């Protein structure tokens with residue numbers, strides 16, 4: 001959004017405007033889904049404000065709580081927006097009577113008026129606090145949306161909630177019918193396992209077949225109702241059209257081989273590339289046309305031709321030999337149950353609504369379909385929207401995807417350098433924003449959450465070191481790493497001003513990615529916070545977000561163990577004074593889980609006279625902070641310090657003296673690579689790590705202590721990893737010890753060289769976290 005409104009948003013708003021003009025019953029829901037997707041909301045609900053300030057639901061997103069049904073009424077006695085009629089401002093109130101999401105998150109309201117003076121209340125829920133940029137964008141969108149509502153209400157002719165349209169009745173009915181059909185199929189399957197007479201078995205088979213046919217028709221009917229109500233939805237993804245068609249053909253090949261029917265495919269080479277499409281709907285279209293073919297085709301070839309067409313479309317034709325259809329059937333072939341009138345289609349698995357839905361899906365995908373008789377056969381031809389990617393675009397689409405947590409601000413005035421930086425950052429999954437001026441940089445810092453800042457301190461008309469200081473002191477970037485680059489070596493000054501790393505140009509881009517990876521791992525930390533007092537819990541969440549981490553919040557202590565059963569937790573902040581289980585009991589429960597045995601815990605409490613009870617959990621927590629004397633900034637600093645402990649290995653003497661446990665030797669000279677590996681190991685309960693910075697020290701340490709696993713960087717000073725691995729393998733006690741080679745930005749043949757030197761396995765840098773931990777666990781039998 002920083003560079004202007006996206007084209008997709010304009011297209012989506014245009015689509016919503018179309019729904020509004022037609023008075024579509026699903027307009028309110030579609031609008032809420034749009035807001036949820038565009039602003040990364042957990043839920044959205046729109047109410048009309050009626051007399052005596054009662055609220056009626058006129059739209060809800062799919063992820064909102066189920067009790068907010070269209071037409072249902074609610075009240076909020078504390079709502080200041082309604083009472084004071086404050087328009088367009090996003091308002092938060094912890095005492096609000098309405099909670100539209102099941103999660104404990106930020107919920108706010110916006111009030112707006114239509115041109116007919118109807119008050120609309122937008123209730124929005126988000127996992128994280130709304131940024132200033134998001135608030136501004138929301139207010140502008142809401143102003144625009146109020147105009148759409150005026151158009152919609154004018155078409156509807158009333159200001160009440162949408163009526164239960166026929167399509168809604170169909171949707172509800174088909175849900176019940178599907179349950180009944182599934183029950184019939186299930187019970188007949190059970191009965192066929194009994195010892196039954198052949199005639200009864202045949203009856204059951206017929207019942208089951210008819211129930212399955214009924215289920216197909218019910219599913220198609222439900223989709224047709226959605227199509228008629230303009231409420232079809234889908235998920236697009238990048239696919240190869242040729243691969244998709246071939247997969248479907250493989251399913252049909254066996255069915256047609258007995259009739260000497262074969263498939264011949266004619267594909268344009270471009271269609272093997274990636275194309276953004278609704279894969280499920282395309283599969284339905286092809287499958288149903290081939291079902292028709294399987295019933296109709298005589299001996300010979302079924303020819304499937306797919307090529308790019310004008311106006312960014314794809315054209316597909318399916319031709320086969322068989323008797324021509326009567327004109328009265330052919331002209332109505334896409335109408336419901338037309339084919340059911342023909343005897344050859346009555347006892348097949350072909351749904352009477354199949355071709356009708358095929359046409360609806362083709363139209364939904366932006367195209368059209370025709371059917372025609374040819375000499376001795378029939379041909380279907382259809383088009384759909386689909387722009388074929390270039391080879392370069394296909395390659396780029398397969399690279400790691402940038403996410404909202406990967407935003408990197410680059411302040412650089414040199415075009416060539418900024419272009420190189422942008423290419424490298426995009427390649428490794430980061431989302432760079434390039435600016436060349438101080439005011440542009442500060443504007444982004446004011447409005448965006450950033451993973452890191454890369455600053456050239458030699459930009460014109462700006463004191464780079466002063467800008468560095470300003471960035472470091474800004475509340476939004478206080479905990480954001482700033483990486484400085486320059487043609488002049490001024491490391492000392494930069495570090496004093498808050499830089500975390502300094503590169504002298506030309507930049508070593510491989511090392512730059514390592515630095516960003518180390519900070520991304522840190523920012524991906526999940527912090528559990530438990531407090532039954534909601535205002536305090538929200539403050540703790542704010543402190544966690546201020547420190548740049550992910551809060552996992554819960555106000556009911558009894559829910560915590562189930563909530564974290566499958567989560568990676570890096571730190572816990574627990575209040576003591578809570579209902580059962582209280583804080584003491586909860587800490588014991590958490591620590592009793594093997595994977596949380598080393599989890600650092602901060603007690604953050606306002607409980608009085610707690611000190612005499614601390615012996616109950618002695619040794620189970622790291623820090624104790626009093627709510628009455630600890631402000632949010634202090635809490636954020638403590639959180640930062642605790643998370644940073646994952647970066648630091650234990651003292652060497654402590655590891656050597658320790659008996660039992662898995663001991664790991666890491667030989668790595670680059671600081672940020674050390675941080676990445678140490679953090680990954682400690683987060684996965686590998687605590688006994690010794691770090692050395694060259695191959696010679698690795699050999700000496702291996703002679704001094706027996707390690708269960710060695711992680712060896714192959715490019716190190718004094719003695720490289722290849723030589724060090726060979727020397728360690730000569731020691732009798734290390735003949736079979738696993739050694740994993742780490743190679744920066746590997747070249748072809750590196751793996752073979754590492755294995756020849758004696759390595760057991762090999763991992764290229766930048767390290768893939770999942771692959772790395774899987775291999776460590778495999779080689780240590782953890």
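The values are calculated or read from the model by the stated rules, or taken from the named source; none is laboratory data. Note that the structure is predicted; figures quoted are calculated from it, not measured. Neighbour counts are summed over all protein chains in view; Cβ atoms, including those assigned to glycine, are modelled from backbone coordinates with ideal geometry.
Just one of the listed residues (394, 379) is surrounded by 14 or more Cβ atoms within 10 Å (Cβ to Cβ), modelled with pLDDT under 60 and not in a loop (DSSP other than H, G, I, E, B), namely 394. Per the conditions (1) under 35 Å from the mean Cα position of the chain (by Cα); (2) surrounded by 19 or more Cβ atoms within 10 Å (Cβ to Cβ), the sole criterion not satisfied by residue 680 is (2). Looking at the stretch 68-86, can you tell me whether even one residue there is within 32 Å of the chain's Cα centre (by Cα) and closer than 13 Å to residue 123 by Cα? Taking every residue of the stretch 68-86 in turn, at least one turns out to be within 32 Å of the chain's Cα centre (by Cα) and closer than 13 Å to residue 123 by Cα. All of 138, 215, 147, 204 fail the test of being modelled with pLDDT under 75 and in a helix (DSSP H, G or I), apart from 215. With respect to the conditions (1) surrounded by 15 or more Cβ atoms within 10 Å (Cβ to Cβ); (2) not in a loop (DSSP other than H, G, I, E, B), residue 589 lacks only one, and its number is (1). Evaluation of residue 231 against the conditions (1) without any contact (Cβ under 8 Å) to a residue 60 or more places away in the chain; (2) farther than 15 Å from residue 384 by Cα; (3) not in a helix (DSSP H, G or I) shows that the sole unmet condition is (1).
Taken over the stretch 50-79, the criterion of being over 21 Å from residue 137 (Cβ atoms), out of contact with any helix residue (DSSP H, G or I) (no Cβ under 6 Å at 6 or more places or on another chain) and surrounded by 14 or more Cβ atoms within 10 Å (Cβ to Cβ) is satisfied by 50, 54, 55, 56, 57, 65, 68, 70, 74, 76, 79. Condition check: at pLDDT below 90, surrounded by fewer than 18 Cβ atoms within 10 Å (Cβ to Cβ), outside any loop (DSSP other than H, G, I, E, B) and in the same structural domain as residue 674 (by TED's automatic domain parsing). Does residue 756 satisfy that? In short, yes.
Collect the residues in the stretch 528-550 that are under 22 Å from residue 628 (Cβ atoms) and not in a helix (DSSP H, G or I), keeping them in residue-number order. Walk me through it before giving the result.
Let us first name the residues in the stretch 528-550 that are under 22 Å from residue 628 (Cβ atoms), namely 529-544, 546-547.
Within the stretch 528-550, 529, 530, 531, 532, 533, 547 qualify.
Just to be sure, is residue 288 closer than 12 Å to residue 379 by Cβ and either crowded, with 16+ Cβ neighbours inside 10 Å or modelled with pLDDT under 85 (or both)? Considered against the rule, which asks whether it is closer than 12 Å to residue 379 by Cβ and either crowded, with 16+ Cβ neighbours inside 10 Å or modelled with pLDDT under 85 (or both), residue 288 comes out as no.
Right, residue 47: in the same structural domain as residue 138 (by TED's automatic domain parsing), buried (at least 23 other Cβ atoms within 10 Å of the Cβ) and under 23 Å from residue 135 (Cβ atoms) or not? It is true that residue 47 is in the same structural domain as residue 138 (by TED's automatic domain parsing), buried (at least 23 other Cβ atoms within 10 Å of the Cβ) and under 23 Å from residue 135 (Cβ atoms).
Note on the stretch 81-94: among residues that are modelled with pLDDT under 75 and part of a loop (DSSP other than H, G, I, E, B), the one that is nearest to residue 119 (Cα to Cα) is 85. Among the residues of the stretch 597-607 satisfying the criterion of being modelled with pLDDT under 85 and under 23 Å from residue 636 (Cα atoms), which is surrounded by the fewest Cβ atoms within 10 Å (Cβ to Cβ)? Top of the filtered list is 598. Candidates are the residues of the stretch 3-39 that are within 21 Å of the chain's Cα centre (by Cα) and part of a loop (DSSP other than H, G, I, E, B); the one that is modelled with the highest pLDDT is 39.
Based on this model, can you work out whether residue 510 counts as part of a helix (DSSP H, G or I), surrounded by fewer than 21 Cβ atoms within 10 Å (Cβ to Cβ) and in the same structural domain as residue 606 (by TED's automatic domain parsing)? So residue 510 does not fit the description; no. Which of the residues belonging to the stretch 80-100 are at positive phi and surrounded by fewer than 13 Cβ atoms within 10 Å (Cβ to Cβ)? Hit for the stretch 80-100 is 85, nothing else. Figure legend. Inter-residue proximity from the stretch 495-506: first residues in the same structural domain as residue 417 (by TED's automatic domain parsing) and in contact (Cβ under 8 Å) with a residue 60 or more places away in the chain, second residues part of a loop (DSSP other than H, G, I, E, B) and surrounded by 14 or more Cβ atoms within 10 Å (Cβ to Cβ), beta-carbon distance below 8 Å, spacing 6+ or different chains. Indicated pairs: 501/481. Taking the criterion of being touching a helix residue (DSSP H, G or I) at 6+ places or on another chain (Cβ under 6 Å) and over 21 Å from residue 518 (Cβ atoms), the residues of the stretch 436-457 that qualify are 438, 447, 457.
Scanning the stretch 451-465 for residues that are surrounded by fewer than 21 Cβ atoms within 10 Å (Cβ to Cβ) and not in a helix (DSSP H, G or I) yields a total of 6.
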